[in-house]
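Derivation of every value follows stated rules applied to the coordinates shown; laboratory data play no part. Keep in mind it's a predicted model, so treat the numbers as computed, not measured. Every residue, glycine among them, receives a Cβ derived from its backbone with ideal geometry; neighbour counts consider all protein chains shown.
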Amino acid sequence: MPVNNPHLKPFIPPQRVLMGPGPSDVPQRILDAMQRPTIGHLDPAFQDMMEQIKSLLRYAFQTENPLTFPVSAPGSAGMEMCFVNLVEPGDKVIACINGVFGGRMLENVKRTGGVPVVVGDEWGKPVTVSKVEQAFRDNPDAKVLAFVHAETSTGAQSDAKSLAALAQKNGVLTIMDCVTSLGGTPVLIDEWGIDAAYSGSQKCLSCTPGLSPVTFSERAIEKVKARKTPVQSWFLDLNLVLGYWQSAGKRTYHHTAPINPLYGLHEALVILSEEGLENAWARHRAMHEKLKAGLKDMGLEFVVEESARLPQLNSIWIPDGVEDASARSTLLTEFNLEIGAGLGALAGKVWRIGLMGHSARQENIDFCLKALRQVLQA
Ligand SMILES: *Cc1c(COP(=O)(O)O)cnc(C)c1O
């Protein structure tokens, strides 16, 4: 029997301007790519496209790592893939925490049976390199260093280059979260010597959510192959995934890739390479400067000190007397503008204005400043 429900009809989403912590505005070109016909995931034409995605991702990550591909799940799954493969029970992991996502890394260390050594910094501050140096002195048996490059919960960027250099000096593997930095600020995997990094499709790449680009160095692969215990997750076990993402022609079934979302990621990466990484970084920086000037005119203050500020994620203190939830709700319902709320320790105290990917453009900034001005005046 068909369901006779008059409320059942196609879902037509409202048209929003996305200036929160992700997803960012998705360009029409990407949405067009995603509605093309679905083909089989072992079809040679699809495999060719997967090879192109891998190569385009190597460009985005600035790496030669052969093992660079999108995990068929959101950024959180990329995070989990790094930890379940590279941390064995009993492995000591130095985990840097300066916001929500560092906290999730710690949770991953615990669940993989690793022994965490926490290096904590205040929310809104970058990871303090000298504290990590001290942690290495105190823990010469550490095996992994884990940190978040761009902490989306606060808008602080940490010095990935110095942190990775410390890890190399101490002979440990590095796991880096670059979900919000990839495509927005420099992410130089090979130059910095990062062993494992994961990102997300919906932040500065401006694709739809649900895919997590990852990259692994040879050292990381050796560690996975030398494991004494099996990877606890079947789906995220690199040993098995390798057979699926290895060179076209030899591919074997592991799971069914999300075909149409991958068309979208392909298009997003083509757009990024057309613009050029350096130009994309410069655009995020320039748009941040414009937003900053407008916010300053309104008397709004940044949470993060200038030297560690992420251009693509602008955390500002909510002015006294302004009610967080109702202001954001007015922005959403009357202006169709989404900005981010504060998380964790900063909930109710800050707003997070994203300038990620396609959202980092002049018309969005003008629109956001105008809407904010009206809501704050009301
Ligand atoms: C968004 C984000 C994630 C999680 O990505 P999802 O796609 O939401 O799972 C992880 N780390 C950081 C820094 C993020 O900003």
Taking only DSSP H segments of four or more residues, each worth -39500 (n - 2.57), what value at 222 nm results for the chain once the sum is divided by all its residues, to the nearest 500 deg cm²/dmol? -12500 deg cm²/dmol
Within the range 343-361, list the residues whose amide N lies under 20 Å from a label point set 7 Å along Cα→Cβ of K296. 351-355, 361
Residue separation times 0.36 nm, minus the C-alpha to C-alpha distance between S329 and R137: what's the value? 64.2 nm
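Which shape class applies to the chain: rounded if a/c is under 1.5, otherwise prolate when a/b exceeds b/c and oblate if not, where a ≥ b ≥ c are the square roots of the Cα gyration tensor eigenvalues?
It comes out oblate by the Cα gyration axes.
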How do 274-282, 142-150 rank on mean C-beta neighbours within 10 Å, highest first? 142-150, 274-282
Cα centre as origin, Lys/Arg/Asp/Glu Cβ charges: the range 207-333 dipole, Debye: 800
Using label points projected 7 Å from each Cα along Cα→Cβ, tell me how many nm separate K228 and F367, to one decimal. 5.7
Skipping prolines and chain starts, which residues have an amide H placed within reach, meaning under 5 Å, of the one on S201, given they are 5 or more residues away or on another chain? G75, G210, L211
Please list, ordered by chain and number, the residues whose modelled amide H lies under 5 Å from the amide H of G114; skip anything fewer than 5 residues away on the same chain. G90
For V17, the residues 5 or more places away or on another chain with a placed amide H closer than 5 Å to its own amide H are L337, E338
Sorted by mean Cβ packing within 10 Å, highest first, what order do the peptides 31-39, 310-318 take? 310-318, 31-39
Computed FRET efficiency, Cβ-Cβ of F11 and H255, R0 30 Å: what is it to the nearest 0.05? 0.70
Compute the label zone of N336 within the range 1-43: residues whose backbone N is under 12 Å from the point 7 Å along Cα-to-Cβ. 13-18
Run the numbers for L240 and R111: contour at 0.36 nm per residue of separation, minus the present Cα-Cα distance, in nm. 44.4 nm
Among all the lysines, which ones have a C-alpha under 17 Å from K161's C-alpha, if same-chain residues fewer than 8 places away are not counted? K125, K131, K169
Which FRET efficiency, nearest 0.05, do S162 and M1 yield, Cβ-Cβ r, R0 56 Å? 0.30
